[in-house]
Amino acid sequence: MKASITIDDIQEMIFEKEYPPNFNAAEGLTENILHGEFKGAKIKARELHLNGMLLLKSEYFFNELMSVQGGLNEPVLELSFHLKGRVDGVVQGFKETICQEEGDLSLLYMNEPTGSFQFEKNMQHETFGIGFTLDYFQRFVNSQNRVIDRFLEAIAKQIPLRVAQKSRLNPLIRNTIDQIMQAPYQMPLKRILIESKVLELFAYQLEAFEQKDSGGAVQLHSGDKQKLLYARELLERRLDTPPTIYELSRLVGLNEFKLKKGFKEAFGKTIFGYLSDHRLALARQFLLDTDRPVCEIAAMIGYSHQQHFSVAFKRKYGIAPIEIRKR
């Protein structure tokens, strides 16, 4: 895979690089620093590439309105974060001009990832992008997600696709990006941390994109409702060792967004809220109907520490577990 960047105004190629297939890195992770000054332009960038993905954090400053061309010569899926400044771009395959301002986020599939981008003058520009090879993307995604389904279909038909959100760059995202770029560990822990944080960013954005795509609501079919009932049943069965959201979504066959959103709509509580209330209601019944020790009841419903159980119980019922038996 080959990348190149050219500044139109001075007709000078400022960057050209050949990447190994699939962005493979011999040591698991490759890191490069890029910087340069050209006529009216200052550019600084840091790139990381590991098997299946390329990460690029870039800073630009132009003394005058500047047009830059660049891209890759193979299809790619990119998660893009516009950290500072404003840029207007025309990307191959997209009919409309893509405008990105500070705080904007987007996910793009580009079967011909090249374009021309115009940067505002006398303005600091900062971007962060994660490019996934199609093989990597198709390997890790869950096709039950409606946004993912749209991208898988676009890839199959080789039709460019973009979903975006305006001004959604919150402190959590910025902090995660910093953790990726400042990972303190040595290999292989550094690669593991970076990949996990990248997937965390992707999952976070995917849920936000899907929520936007659904207009903030989730459409539940009869089969989905049965799966939600099964999810509730699993929670009630496994009070002592409840499944994580990830595990529960796979056990019932719903993606995490639909599971969390649908569960709250169906039962009026979050998954955690339902689990907590059901545990405490069951504990209350045991306290009233049996003479089992409080520590045993706490363990039965999944609390490893009696003190944590007592605090939760008193918060819920306004009385300590040991006191309820005295009434």
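The values are calculated or read from the model by the stated rules, or taken from the named source; none is laboratory data. A quick note: this is a predicted structure, and the numbers were derived from the prediction, not measured. A quick note on method: Cβ atoms are made from the backbone with ideal geometry, for glycine too, and the neighbour counts reach across all protein chains shown.
Take the conditions closer than 15 Å to residue 117 by Cα and assigned by TED's automatic domain parsing to the domain that holds residue 179 and apply them to residue 33. Does it pass?
Considered against the rule, which asks whether it is closer than 15 Å to residue 117 by Cα and assigned by TED's automatic domain parsing to the domain that holds residue 179, residue 33 comes out as no.
So residue 301 passes all but one of these: (1) touching a residue at least 60 places away in the same chain (Cβ under 8 Å); (2) at positive phi. Which condition number does it fail?
It is condition (2) that residue 301 fails.
With 107, 83 as the choices, which residue is among the aliphatic types (A, V, I, L, M), more than 21 Å from residue 52 (Cβ to Cβ) and in the same structural domain as residue 146 (by TED's automatic domain parsing)?
Criteria check complete, one pass: 83.
I need the full set of residues from segment 247-273 which are over 24 Å from residue 140 (Cβ atoms) and either surrounded by fewer than 19 Cβ atoms within 10 Å (Cβ to Cβ) or in contact with a strand residue (DSSP E or B) (Cβ under 6 Å, 6 or more places away or on another chain) (or both), in order please.
264, 265, 266, 267, 268, 269, 270, 272, 273
Out of 310, 304, 276, which single residue is among the hydroxyl-bearing types (Ser, Thr, Tyr), surrounded by fewer than 19 Cβ atoms within 10 Å (Cβ to Cβ) and outside any helix (DSSP H, G or I)?
304
Within segment 56-101, work out how many residues are touching a Leu at 6+ places or on another chain (Cβ under 9 Å) and of a type in the set (S, T, N, Q).
Residues that pass the stated criteria total 2.
For segment 37-75, how many residues are in contact with a Ser or Thr (Cβ under 8 Å, 6 or more places away or on another chain), buried (at least 21 other Cβ atoms within 10 Å of the Cβ) and either under 16 Å from residue 91 (Cβ atoms) or at pLDDT below 85 (or both)?
Qualifying residue count for the region: 1.
Look through segment 101-141, keep the residues that are among the polar types (S, T, N, Q) and in contact with a strand residue (DSSP E or B) (Cβ under 8 Å, 6 or more places away or on another chain), and return whichever of them is farthest from residue 83 (Cα to Cα).
So, considering only residues that are among the polar types (S, T, N, Q) and in contact with a strand residue (DSSP E or B) (Cβ under 8 Å, 6 or more places away or on another chain), the one farthest from residue 83 (Cα to Cα) is 133.
Return a yes/no flag: does segment 222-229 have any residue that is farther than 30 Å from residue 86 by Cβ, hydrophobic (A, V, I, L, M, F, W, C) and at pLDDT 90 or above.
yes
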